[in-house]
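A.B. asks: This is the structure I want to talk about, given as structure tokens.
Just so you know, all these numbers are worked out from the coordinates, no wet-lab data involved. Because the structure is a prediction, the values reported are computed rather than measured. Every residue, glycine as well, gets a Cβ built from its backbone with ideal geometry; the counts of neighbours run over all protein chains shown.
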Amino acid sequence: MLRRRTAPTALLAVAALLLSACGSSSEDEEPQASTSATTGASGGFPVTIEHALGTTTIESKPERVATVQWANHEVPLALGVVPVGMAAANFGDDDGDGVLPWVEEKLGELGGQAPVLFDETDGIDFEAVADTDPDVILAAYSGLTQEDYDTLSEIAPVVAYPEAPWATAWRDVVELNSQALGMAEEGEELIADIEADIDEAVAAHPQLAGTATMFLTHVDTADLSEVSFYTTHDTRVQFFEDLGLTMPASVEEASAGEVQFSQTISAEQVDAFDDVQVIVTYGDEELVTALEGDPLLSQMPAVQKGAIVSLPGTSPLGTAANPTPLAISWVLEEYVGMLAQAADAAK
């Protein structure tokens, strides 16, 4: 059976670990570069998963599943399991209830007791997680520090990211989290279903094929002296390939070397991105107008031609660019349609 702590016991352990963690930091620790999972001879439990922060063994099938940080709850939900607790949405939540629409839709479909929503505004709420008395904590897509992982591990076995914080591709999120649930085959079926949805949506917009696309980020309309963008290491950029888009050579070159998820250059060097046909970014018409009115950034071919996809961060559509198991199919048609319009403008 899984090692299960009662909530009070787990809280004492959490408090002790929090005190011991005050004098150390995991930021300088080198994450492991591999991940693997093994199961018992029958293909069931125990399941052992290696990840960047350690090795986790889950002795028996979890009955109480908790998830922390972004989107991990979407895997059990997609597989028919309602978590006992999950992180409240802190991006794209237009009605402020902490639940994105595709999650709310799935919860309504599955029924049962609603999950506890963990407020992670100031970081993981360890006490709230412990109060849900979980058998496993899913965090395959997350930014857990070693201290976070160690503290959570005193509550229940934790599945962390395979290589680096916030770098887990959506397929790997499904694979790792489904393995922890003893539902690896169902996870593979989920991946196949999502891929089929993507293929169908992309096939309806052949103009996407081969369109060189980059993702601008943290655009400050009051100061356009610098240009920040996501590199090829970011999941948003990696998702472009799923949609038939291609990586501009300029972005690939800028992404070489040390692993960084974003880069910043001076606007005076923006001609380096002359090979970019479409720009995706977070913002609204005010941002587009600012780009078009800037003497340097307006010279980018994508800006000149109006080939810009601006995603509002205050609406669920704003999460479209960061692929997650339930969100992909929910926002796919609208997101791909916006990209197709920009690709038409770029031609």
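A.B. asks: For the chain, what relative contact order do you get, as a whole percent, if you take Cα pairs closer than 8 Å and at least 6 residues apart?
C.D. replies: Working: 671 pairs, mean separation 59.5, N = 347.
Worked out over the chain, it gives 17 percent.
A.B. asks: Between rounded, prolate and oblate, where does the stretch 53-109 land on the alpha carbon gyration tensor, with a ≥ b ≥ c its root eigenvalues, rounded for a/c under 1.5, else prolate if a/b exceeds b/c?
C.D. replies: Working: a/c = 2.96, a/b = 1.65, b/c = 1.80.
Here the stretch 53-109 falls in the oblate category.
A.B. asks: Please work out the Kirkwood hydrodynamic radius for the stretch 82-177, using every pair of different C-alpha atoms, and report it in angstroms with one decimal place.
C.D. replies: Working: mean 1/r = 0.0699 Å⁻¹.
About 14.3 Å for the stretch 82-177.
A.B. asks: Also: If you plug each phi of the stretch 89-101 into the Karplus form 6.51 cos²θ - 1.76 cosθ + 1.60 with θ = phi - 60°, what whole-Hz ³J(HN,Hα) values come out, in order, with x for Gly and Pro?
C.D. replies: For the stretch 89-101, the Karplus-derived couplings read 5, 10, 8, x, 8, 6, 9, x, 8, x, 10, 6, x Hz, x marking Gly and Pro.
A.B. asks: Next question, about the same structure. Running a GNM on the chain with Cα contacts under 10 Å, which residue among A164, A192, A130 ends up with the highest mean-square fluctuation?
C.D. replies: A192
A.B. asks: So, one more: If packing is taken as the average count of other Cβ atoms within 10 Å, what order do 248-255, 117-124, 152-159 fall into, highest mean first? All intermediate terms of the calculation are to be shown ahead of the outcome.
C.D. replies: On the way: 248-255: 17.8, 117-124: 14.8, 152-159: 24.4.
By packing density, highest mean first, the sequence is 152-159, 248-255, 117-124.
A.B. asks: Relative to the present Cα-Cα distance, how much length would full extension add between E185 and T121 at 0.36 nm per residue of separation? Please list the in-between numbers first.
C.D. replies: Values: separation 64, 0.36 × 64 = 23.04 nm, distance 3.45 nm.
In short, 19.6 nm is gained.
A.B. asks: I need the peptides 334-345, 256-267 ranked by packing, meaning the mean over residues of other C-beta atoms within 10 angstrom, with the highest value on top. Before the final figure, lay out the partial values.
C.D. replies: On the way: 334-345: 19.3, 256-267: 12.2.
Ranking, from highest mean packing down: 334-345, 256-267.
A.B. asks: If you don't mind, another one. If I take every Cα pair under 8 Å that is 6 or more residues apart in the stretch 200-242, average their sequence separation and divide by the length, what percent do I get for the relative contact order? Intermediate values should be presented prior to the final figure.
C.D. replies: Details: 24 pairs, mean separation 12.8, N = 43.
Taking the mean separation of contacting Cα pairs over the length of the stretch 200-242, I get 30 percent.
A.B. asks: Multiply the residue separation of A164 and E252 by 0.36 nm, subtract the distance between their alpha-carbon atoms, and state the gained length in nm to one decimal. Write down the numbers at each step before the final one.
C.D. replies: Values: separation 88, 0.36 × 88 = 31.68 nm, distance 1.91 nm.
The A164-E252 span can extend by a further 29.8 nm.
A.B. asks: Ok, one more. Any idea how far the Cα center of the stretch 97-134 sits from the one of the stretch 65-84, in Å?
C.D. replies: Cα centroid of the stretch 97-134 versus Cα centroid of the stretch 65-84: 9 Å apart.
A.B. asks: I want to verify a result. In a Gaussian network model of the chain, Cα cutoff 10 Å, which of these has the top mean-square fluctuation: Q304, Q269, Q277?
C.D. replies: Top of the fluctuation ranking is Q269.
A.B. asks: Same structure again: Taking square-rooted eigenvalues a ≥ b ≥ c of the alpha carbon gyration tensor, is the stretch 176-258 rounded, prolate or oblate, where a/c under 1.5 means rounded and, failing that, a/b exceeding b/c means prolate?
C.D. replies: Numbers: a/c = 2.48, a/b = 1.63, b/c = 1.52.
Cα axes put the stretch 176-258 in the prolate bin.
A.B. asks: P(r) for the stretch 248-290, please, calculated from all Cα pair distances in 10 Å bins and given in %.
C.D. replies: Whole-percent P(r) values from 0 Å outward: 20, 51, 26, 3.
A.B. asks: Follow-up question, since we're still on this one. Based on C-alpha coordinates, I'd like the Rg and Dmax of the stretch 210-307, in Å.
C.D. replies: Cα radius of gyration and Dmax of the stretch 210-307 are 12.5, 35 Å respectively.
A.B. asks: Would you mind classifying the stretch 255-318 by shape? Square roots of the alpha carbon gyration tensor eigenvalues, ordered a ≥ b ≥ c; an a/c under 1.5 is rounded, otherwise it is prolate if a/b is larger than b/c and oblate if not.
C.D. replies: Oblate, since a/c reaches 1.5 and b/c is not below a/b.
A.B. asks: Can you give the Kirkwood hydrodynamic radius of the chain from its Cα pairs, in Å with one decimal?
C.D. replies: Working: mean 1/r = 0.0469 Å⁻¹.
Here the Kirkwood hydrodynamic radius works out to 21.3 Å.
A.B. asks: Would you mind putting 108-115, 81-88, 171-178 in packing order, based on average other-beta-carbon counts within 10 Å, highest first? It would help to have the intermediate numbers written out before the result.
C.D. replies: Numbers: 108-115: 11.1, 81-88: 22.1, 171-178: 24.8.
Ranking the peptides 108-115, 81-88, 171-178 by packing returns 171-178, 81-88, 108-115.
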